[in-house]
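The values are calculated or read from the model by the stated rules, or taken from the named source; none is laboratory data. Fair warning: this is a prediction, and the values are worked out from it, not measured in the lab. Cβ placement follows ideal geometry from the backbone for every residue including glycine, while neighbour counts extend to all protein chains displayed. When the accessible area is computed, the model is the full protein with side chains, heavy atoms only, and any ligands, DNA or RNA have been set aside. Shrake-Rupley method; radii C 1.70, N 1.55, O 1.52, S 1.80 Å.
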Amino acid sequence: MEAADYEVLSVREQLFHERVRECIISTLLFAALYILCHIFLTRFKKPAEFTTVDDEDATVNKIALELCTFTLAVALGAVLLLPFSIISNEVLLSLPRNYYIQWLNGSLIHGLWNLVFLFSNLSLIFLMPFAYFFTESEGFAGSRKGVLGRVYETVVMLMLLTLLVLGMVWVASAIVDNNKASRESLYDFWEYYLPYLYSCISFLGVLLLLVCTPLGLARMFSVTGKLLVKPRLLEDLEEQLYCSAFEEAALTRRICNPTSCWLPLDMELLHRQVLALQTQRVLLEKRRKASAWQRNLGYPLAMLCLLVLTGLSVLIVAIHILELLIDEAAMPRGMQGASLGQVSFSKLGSFGAVIQVVLIFYLMVSSVVGFYSSPLFRSLRPRWHDTAMTQIIGNCVCLLVLSSALPVFSRTLGLTRFDLLGDFGRFNWLGNFYIVFLYNAAFAGLTTLCLVKTFTAAVRAELIRAFGLDRLPLPVSGFPRASRKTQHQ
């Protein structure tokens, strides 16, 4: 063999080893996410559904739980996708020739983006509908009972659902873009249909983030205030402990003397209320024993951090709106090749990249808080060891829709300059200037409105409580005052 043949073989062998290394790294990362999500879901599942007398139902629920674990792992991977890419670029930029980070390259990052896109499609279109139909199926009439009969019924229902969705997307594409080429492209299931369908789902996820994130940013202050110990000026723990003990004693007397009241009593409800009050009293005792540093320094610092992060997010979006009007390069776009380690995606360098990562995580947490705080999705909120299997499936689907739209959401708002990789950058609506501009303006306006309303109401309530004005017998503005004739009577 000639030297050229040996060179070609060495290049092919090197590419083979790189692909194997990327597969091993991707498998290890996904296995770690899968284990974390499995531990998380087992804390919320209802144990009665997995220890039933009927082994068939328990087996079905276990299979559905594994599918939900896979979906939640994909959702967590979608959340970590953009921050991991930004940090990898800064690491390669700072240490370009380090031997120990040779495994971190553009090919690995691009492969992770493609895997998240593929698994998101797989979970949303096939796995989660299969898990739901599988838990609700009972087998065809006249067939033998068992898990296999449920699988047959689930597969048939999933095929019918796939045909229905395929027809709806085909009709929608024909209405939106009345072009023969666009209609014929939908016949290619893999190259055009799945990305087009995922583009619609991602657009719905981005709209859901637009509604939930401003609400969550406003709710983060109250949620953090419940988790931390407030200063004594803003909170009277002794009074709360006294009220909790008084209510618990009253409920205990009602349970011990159920015949003393002529109204019918729900003993199970009373027992749950007593347990809730006991849990609340234990938490109040822990908060009362908090140190002065936690009480007087932790709460103000946490509120200040939330205010800075929220204000910084709104400021970045406002600057991005101005950039959209001036520079066409500010529009979100896709990037086919991941050229990492060449230039920083932040004007502040590594410090700006860290700020971008923190803001992305902060907005994701805020969107989840706003999602579960909204009246429409409040019933989906999971409960500790008391969440039904269908509710777990619904939560996994919603979290996957939110998390898979996070990279597009972050790039559309200008939180980062990192362009979208793979099929994430193939969404047609990303190139529409009016959609992107109106989305940024709506986010800035809704966030500012929610913050002003919530912050002013919270400050007013805290000041009233601090000065003791809430204990005064002040007239309620919602009721009309009595007339002079009534007062004289």
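Within segment 399-407, identify whether any single residue is modelled with pLDDT under 85 and of a type in the set (Gly, Ala, Ser), and answer yes or no. Let's see the steps before the verdict.
Of all residues in segment 399-407, those modelled with pLDDT under 85 come to none.
No, there is no match, as no residue in segment 399-407 is modelled with pLDDT under 85 and of a type in the set (Gly, Ala, Ser).
Counting only residues that are touching a Gly at 6+ places or on another chain (Cβ under 7 Å) and assigned to a helix (DSSP H, G or I), which one in segment 128-171 is nearest to Thr59 (Cα to Cα)?
Restricting attention to segment 128-171, the residues satisfying the condition of being touching a Gly at 6+ places or on another chain (Cβ under 7 Å) are 139-140, 143, 145, 149-150, 153.
If we keep only those that are assigned to a helix (DSSP H, G or I) too, we end up with 149-150, 153.
On the way: Gly149: 13, Arg150: 11, Glu153: 16 Å.
Among those that are touching a Gly at 6+ places or on another chain (Cβ under 7 Å) and assigned to a helix (DSSP H, G or I), it is Arg150.
From the residues in segment 27-66 that are among the hydroxyl-bearing types (Ser, Thr, Tyr) and either under 22 Å from the mean Cα position of the chain (by Cα) or not in a helix (DSSP H, G or I) (or both), which one is surrounded by the most Cβ atoms within 10 Å (Cβ to Cβ)?
Pass one, segment 27-66, residues among the hydroxyl-bearing types (Ser, Thr, Tyr): 27, 34, 42, 51-52, 59.
Those still in the list that are either under 22 Å from the mean Cα position of the chain (by Cα) or not in a helix (DSSP H, G or I) (or both) too: 34, 42, 51-52.
Details: Tyr34: 18, Thr42: 13, Thr51: 9, Thr52: 12.
By that ranking, first place goes to Tyr34.
Scan segment 367-386 residue by residue and report those that are among the aliphatic types (A, V, I, L, M) and closer than 20 Å to Thr224 by Cβ.
So the first thing to find is which residues in segment 367-386 are among the aliphatic types (A, V, I, L, M), and the list is 368-369, 376, 380.
Result: Val368, Val369.
Take Leu166 and decide whether it is at pLDDT below 85, open to solvent by less than 70 Å² (accessible area, probe 1.4 Å) and of a type outside the set (Lys, Arg).
Yes.
Ser244: of a type in the set (Gly, Ala, Ser), under 30 Å from Ser94 (Cβ atoms), at pLDDT 70 or above and assigned to a helix (DSSP H, G or I), yes or no?
Considered against the rule, which asks whether it is of a type in the set (Gly, Ala, Ser), under 30 Å from Ser94 (Cβ atoms), at pLDDT 70 or above and assigned to a helix (DSSP H, G or I), Ser244 comes out as no.
Check whether at least one residue in segment 403-422 is surrounded by fewer than 19 Cβ atoms within 10 Å (Cβ to Cβ) and either hydrophobic (A, V, I, L, M, F, W, C) or touching a helix residue (DSSP H, G or I) at 6+ places or on another chain (Cβ under 7 Å) (or both), and report yes or no. Give the steps one after another, and end with the answer.
From segment 403-422, those surrounded by fewer than 19 Cβ atoms within 10 Å (Cβ to Cβ) are 417, 419; that's our starting set.
Add one more test, that the residue is either hydrophobic (A, V, I, L, M, F, W, C) or touching a helix residue (DSSP H, G or I) at 6+ places or on another chain (Cβ under 7 Å) (or both), and what stays is 419.
Yes: segment 403-422 contains one or more residues that are surrounded by fewer than 19 Cβ atoms within 10 Å (Cβ to Cβ) and either hydrophobic (A, V, I, L, M, F, W, C) or touching a helix residue (DSSP H, G or I) at 6+ places or on another chain (Cβ under 7 Å) (or both).
Those residues that are open to solvent by less than 50 Å² (accessible area, probe 1.4 Å), aliphatic (A, V, I, L, M) and part of a helix (DSSP H, G or I), I need them from segment 97-127; list them, please.
Result: Ile101, Leu108, Ile109, Leu112, Val116, Leu124, Ile125, Leu127.
Are any of the residues in segment 54-68 farther than 17 Å from Phe119 by Cα, modelled with pLDDT of 80 or more and in contact with an Asp or Glu (Cβ under 6 Å, 6 or more places away or on another chain)?
yes
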